[in-house]
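To start, the structure under review is shown below, and the notes come after it.
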Amino acid sequence: MINGTLLVVDENKSILNALENIMRSEFKKVITIANPNRIKEILRKNEIDIVMLDMNFTSGVHNGNEGLFWMREIFNYDGNISVVIVTASGDIELAVKAIREGAVDFILKPWDNSRLLATINVAWQLRLSRLEASTLKRANQQLKKEINMGGEKIVLGASPTMINVMNIVRKVAGTDANILITGENGTGKELVARELHNLSGRAGELMVSVDMGSITETLFESELFGHVKGAFTDARDDRKGKFELAQNGTLFLDEIGNLSIQSQTKLLSVLQNRFIVRVGSNKQIPINIRLVCATNCDLLQMVREGKFREDLLYRINTIMIEVPPLRDRVDDIPILANYFLRANCERYRKDLLKISTHALEKLANHTWPGNVRELQHSIEKAVIMCDSQVLKPSDFVFTPSPGNIVYDELTLEEMEKKMIINCLKRHLNNISVVSEKLGVTRQTLYNKMRKFGL
C-alpha cells in the first residue's frame, strides 16, 4: 500500500466511485470530489501526494481549459504534487499539452486497471523524488547559510573611519558592482567582503574565497575554471572551479595583486565574456557571480610598472573600499580587544577575564604593524599565559617589526617624504584624499611631490 493521499477530481460520480473502489486498497487515504472549486480547500486541509484530474467539468465544454487551469492552481500551491490527467479518447492532444505543462501522464477513459495502477505508481515515485529533491534543496540552502555565517563574527569597529567604511558597504551591498577592497595585511578585508555578501541579494548563496597568492600559475585555470576528466594526468573526475562553485553567489579573490600577467589576461577574459570553459573542454558555461577583490598592493603603481593590467584594474574597481590600519582607528582597540578576550576565554574554557586600564593604554599606544590580526593573536596569547583574572601591561609583549621605520635616524625632510609616499600608496594616488589626510591643500601637496621627485 502507498503511504500517501490521493485526490480524485471528476464531475462524473460513477467514475469517482469506480476510481475510489480501485484505489482504496492502494492508498492510505483517498479523497474524491466532483466540484473542482473545492480543490484549494482540500489542499489546505490535507497533504495531497497525487491528484487524478479530469480535463472538463462544465457540460458541453470540451476544450480542456478547465483542467489546465486547475492543474496550474495545484502546482502554484505545491509544485511537488504529481498530477495524472484522466481524459476521454478524443482529448489526447489536450492531455499531451498538460504533460508539457507538468502532468506526469494521462489515463484514457475507459481505462485498463493494470495501466492505471502502473501510471499511479510512477506518479508516486516521482512525488517521492520531488520531495527528496526539495528536502535536499532546503538542506543545501541551510548549509550555505551556515557556511556564510560560519566565519569569525568579528566586530569591525565603531570608530569614525570604520563607520564610514560600513556606510559605504551598506550603500553598495545591494548592487552587483565589482568591489576592490584595499588595506594592509590583517586589517579585516575578508570580513568586509563577507559583510558585503551578507547584506546583498546573494546572501542565500555561497561566498567562495580564493587566496590568489597560494595558486600557482600551472593550476590557475583548473582552480578557477575547473577541469574535465582526463584533461591532465591527475584529472580523474570532472571538477567544478571556483567560478562555478560561486554561481549566483559571491566570488572573493584575495591578494589579487599576486596574479601573473598571463593569469590576469585569463581572468579579464572571463569577466568580460561572463562565461568560463573548463580545462580540457570547449563547452562555454555561463557564470553569474558578484566579484569582490582585495589587495594590500599599490595596483596603480603596478600598472605603471607593467605588472598589472590597467583594463583589469578598471574592471574590478567599480567601487573601492579602503580598510584603514588599526593604528589609524585607536578607538576600535578596546572594542576589538574585549571581543577577542571573550572569544578566547570561551575557546580555552577560562572564566571571563578583564583587561586593566594600563594594559588598554599599552595596546592603544602600540603601532600594530600586523593590524587586527596581530591584536587577535596578542589577546589569545595573553589569555593562554595569564594566571590572574586581570590582564596587565606585562601580559602583552610586542616583538618589533623589521618593517618598522626608525624615525630617529631620519631627517625632517626624509620623514616628510616617507609620510607622503606612504599616504599616496595607501590611497592609490588619489590626490584629493591624500591632501585631506595630510591636512594640506592640493597645491601644497603637488609642490611637495615635485620637491621630492614623486
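Pairs only if they're at least six apart or on different chains, beta carbon under 6 angstrom, first in segment 182-204 and outside the structural domain of L428 (by TED's automatic domain parsing) and more than 25 Å from N429 (Cβ to Cβ), second of a type outside the set (A, V, I, L, M, F, W, C) and surrounded by fewer than 18 Cβ atoms within 10 Å (Cβ to Cβ); list them, first residue then second.
These pairs meet every condition: R194/G151.
Would you mind finding the one in A343, A382 that is within 31 Å of the chain's Cα centre (by Cα) and not assigned by TED's automatic domain parsing to the domain that holds L251? Outline the logic, then answer.
On the way: A382 fails: within 31 Å of the chain's Cα centre (by Cα).
Answer to the check: A343.
If we keep just the residues of segment 252-285 that are in contact with a Pro (Cβ under 9 Å, 6 or more places away or on another chain) and free of Cβ contacts under 8 Å to residues at least 40 places away in the same chain, which is surrounded by the most Cβ atoms within 10 Å (Cβ to Cβ)? Show your work before the answer.
Here is the first cut: in segment 252-285, the residues in contact with a Pro (Cβ under 9 Å, 6 or more places away or on another chain) are 274-276.
Narrowing further to those that are free of Cβ contacts under 8 Å to residues at least 40 places away in the same chain: 274-275.
On the way: R274: 11, F275: 14.
Among them, the one singled out is F275.
As an exercise: evaluate A235 against (1) in contact with a Gly (Cβ under 9 Å, 6 or more places away or on another chain); (2) closer than 29 Å to S200 by Cβ and give the number of the one condition it does not meet.
Every condition holds for A235 apart from (2).
Search segment 110-153 for residues being surrounded by fewer than 16 Cβ atoms within 10 Å (Cβ to Cβ) and under 30 Å from D331 (Cβ atoms), and hand back the single one that is modelled with the highest pLDDT.
M149
May I ask you to say which residue of G249, G213, G157, G183 is within 27 Å of V372 (Cβ to Cβ), modelled with pLDDT under 90, in contact with an Asp or Glu (Cβ under 9 Å, 6 or more places away or on another chain) and surrounded by 20 or more Cβ atoms within 10 Å (Cβ to Cβ)? Give the steps one after another, and end with the answer.
Working: G249 fails: modelled with pLDDT under 90; G213 fails: surrounded by 20 or more Cβ atoms within 10 Å (Cβ to Cβ); G183 fails: modelled with pLDDT under 90.
Result of the check over G249, G213, G157, G183: G157.
Which one of these is among the polar types (S, T, N, Q) and either assigned to a helix (DSSP H, G or I) or farther than 21 Å from I2 by Cα (or both): N80, N76? Before you say what the answer is, go through the steps one by one.
Values: N80 fails: either assigned to a helix (DSSP H, G or I) or farther than 21 Å from I2 by Cα (or both).
The match here is N76.
So, of the residues in segment 186-208 that are more than 25 Å from E374 (Cβ to Cβ) and assigned to a loop (DSSP other than H, G, I, E, B), which turns out to be modelled with the lowest pLDDT?
Out of the qualifying residues, it is G204.
Going by the structure shown, is S388 assigned to a loop (DSSP other than H, G, I, E, B) and more than 17 Å from G157 (Cα to Cα)?
Values: assigned to a loop (DSSP other than H, G, I, E, B): yes; more than 17 Å from G157 (Cα to Cα): yes.
Yes; evaluated as a whole, the condition is true for this residue.
Testing N35 on (1) over 43 Å from the mean Cα position of the chain (by Cα); (2) surrounded by 18 or more Cβ atoms within 10 Å (Cβ to Cβ), one condition comes back false. Which one is that?
(2)
Those residues that are of a type in the set (A, V, I, L, M) and farther than 11 Å from E217 by Cα, I need them from segment 251-266; list them, please. I'd like the intermediate steps shown before the answer.
In the first step, residues of segment 251-266 are kept if they are of a type in the set (A, V, I, L, M); the result is 251, 253, 256, 259, 261.
Answer for segment 251-266, where residues must be of a type in the set (A, V, I, L, M) and farther than 11 Å from E217 by Cα: L251, L253, I256.
Out of all the residues in segment 82-109, which are polar (S, T, N, Q) and surrounded by 20 or more Cβ atoms within 10 Å (Cβ to Cβ)?
To start, the set of residues in segment 82-109 that are polar (S, T, N, Q) comprises 82, 87, 89.
Matches in segment 82-109: S82, T87.
Quick check on segment 367-385: of everything there that is assigned to a helix (DSSP H, G or I) and β-branched (V, I, T), which residue is nearest to V330 (Cα to Cα)? I'd like the intermediate steps shown before the answer.
Taking segment 367-385 and keeping what is assigned to a helix (DSSP H, G or I), we get 371-385.
From what's left, β-branched (V, I, T): 372, 379, 383-384.
On the way: V372: 11, I379: 16, V383: 21, I384: 24 Å.
Of everything passing the filter in segment 367-385, V372 is nearest to V330 (Cα to Cα).
What strands (runs of 3 or more DSSP E) completely inside segment 1-54 contain at least 1 residues that are in contact with a Pro (Cβ under 9 Å, 6 or more places away or on another chain) and touching a residue at least 60 places away in the same chain (Cβ under 8 Å)? Don't jump to the end; show me each part of the working.
Working: elements: 2-9, 27-33, 50-54.
The qualifying strands (runs of 3 or more DSSP E) are 2-9.
I'd like the residue in segment 216-227 that is at pLDDT 90 or above and not small (G, A, S) and, out of all such residues, is nearest to the chain's Cα centre (by Cα).
L224
The values are calculated or read from the model by the stated rules, or taken from the named source; none is laboratory data. Computed from a predicted model, the values in this text were never measured in an experiment. Cβ sites come from the backbone with ideal geometry, for glycine too, and all protein chains shown count toward neighbours.
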